1. What's the average, rounded to a whole number, of partner chain beta-carbon atoms within 10 Å of each residue's beta-carbon in B:303-312?
2. Averaged over peptide A:5-16, how many Cβ atoms belonging to another chain are found within 10 Å of each residue's Cβ?
3. Contour minus end-to-end for residue B:258 and residue B:203, with contour as 0.36 nm per residue of separation and end-to-end as the Cα-Cα distance?
4. Treating region B:2-317 as a set of equal point scatterers at the Cα positions, no solvent, please give the Debye-formula log₁₀ I(q)/I(0) at q = 0.06, 0.12, 0.16 Å⁻¹.
5. With only alpha-carbon atoms counted, please give the Rg and Dmax of region B:104-225, in Å.
6. At 7 Å along the Cα-to-beta-carbon direction for both residue A:58 and residue B:106, put a label point, then send me their distance in nm to one decimal.
7. Could you list B:314, A:12, A:36, B:269 in order of exposure, starting from the residue whose Cβ has the fewest other Cβ atoms within 10 Å?
8. Other chains near A:99-112: what is the mean number of their Cβ atoms within 10 Å of each residue's Cβ?
């Protein structure tokens, strides 16, 4: 493979990772959703580029699904939910911006260190795709842990799933059926989340998940 | 004979940065004023200001020590040396072996140290406040700056600015995410270090928001002129650093010292500076000044981007 092709694959995959870190940095819900949509677009570009490089046309379908479902439908729906819940002006209190970023960077370093020896023999594109994919998955988890707003946690889950797709494109021979079913289950999960968020809102008058902890018997000081 | 020419070329660079620094500052002020629908001062106003300050009497507080009197010259000298070392119109000049990225960072650190000491010397509340804030920003920006230099050095294989510029201008480096992230981080660090708008307002005299201005509040006359000139030089330094690392086209590379190559180098360098001097105020007018407590998040993002640049370099090329 010529270096330029590799460089462009690197560019798109790293773009997904950078946008994952940007998700951690945002503290407004609308900005979080917009960055998530951008991440889905970059992901679909990355997958599309892989399909050209690998000569695998079914990856094009994956890219298309990612673009339509996660680049357009889910962000639009999330914007509507946020508007209906009337939380689109809220500034979310992140645990601590700097600390979260440092933790995120540590996770990126960790995943690179982990993946590097495991797939040493694989070709460089697959190797870096795995490293970035693991990092994106871990950053999605971090986003879900550090945020208190249910909508942001949904975005964290969805960006975690972006990481899975990135890993799947690096591994050759992922059947299209798996892709379609994953995309479908994500859409179903999104609908379930949507209903769930509205139920939380109805019950507790807020989408701050810390309120739920009272019902687990873990009363916190700052409530 | 050859040595004389090389020395002359190096001195031309050192002289050029100090000669155009006020003009570059004048352009940014003019553009900013025009964007705010004001007429703005003429482009040569910074030269006139420096001239006026040089001829004014120096008023020194009675309890000022020698640190207060010497600091402006130290600040100016360190900044001038750093700005004169960064390759501008040609690589491989006489002193370019010493134009190391880490050395430039260290020189700027020296200048900042002297200025912060001077801010605290007289013992006014403002000076101390300014010094403390300046040190807070520096403690965030300097690690980011070092990581940027590591990211660039890992790709180029050297920290010598002249060699990096020569390598990057060949275009063999290709598309690099690491370089993009490093550029982003360098812009944020440059904004923080030059006291530009999201971090500090260079034109403010509102005490709550002052950082740089608070430190130099007690200065007057030629001392103030030295500090102002150093601030203008620092802006040119960051502009030429960005130009040399990320847009090295047009530079006279590899000891090509024909008049044509050098002429192209000088013209493109001045053009790049003018473009940056127009872009900076445009970016500045689109954002609002940040609260002091938001600085760590903003400058920390530069650190994060630079660290990511280093990591990504490792992924793409292995350890």
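Read-outs: derived from the displayed coordinates by stated rules, not from any lab. Being a predicted model, the structure only gives us computed values, none of them experimental. Virtual Cβ from ideal backbone geometry, glycine too; neighbours counted across all protein chains shown.
1. Mean shielding by partner chains, rounded to a whole number: 6.
2. On the way: counts 0, 3, 6, 2, 1, 8, 6, 1, 4, 11, 2, 0.
For this peptide, the per-residue mean of nearby foreign Cβ atoms is 4.
3. Gain on extension, residue B:258 to residue B:203, equals 15.5 nm.
4. For region B:2-317, the Cα-only Debye profile gives -0.20, -0.82, -1.43.
5. Cα radius of gyration and Dmax of region B:104-225 are 17.4, 54 Å respectively.
6. 5.9 nm
7. B:314, A:12, B:269, A:36
8. 3
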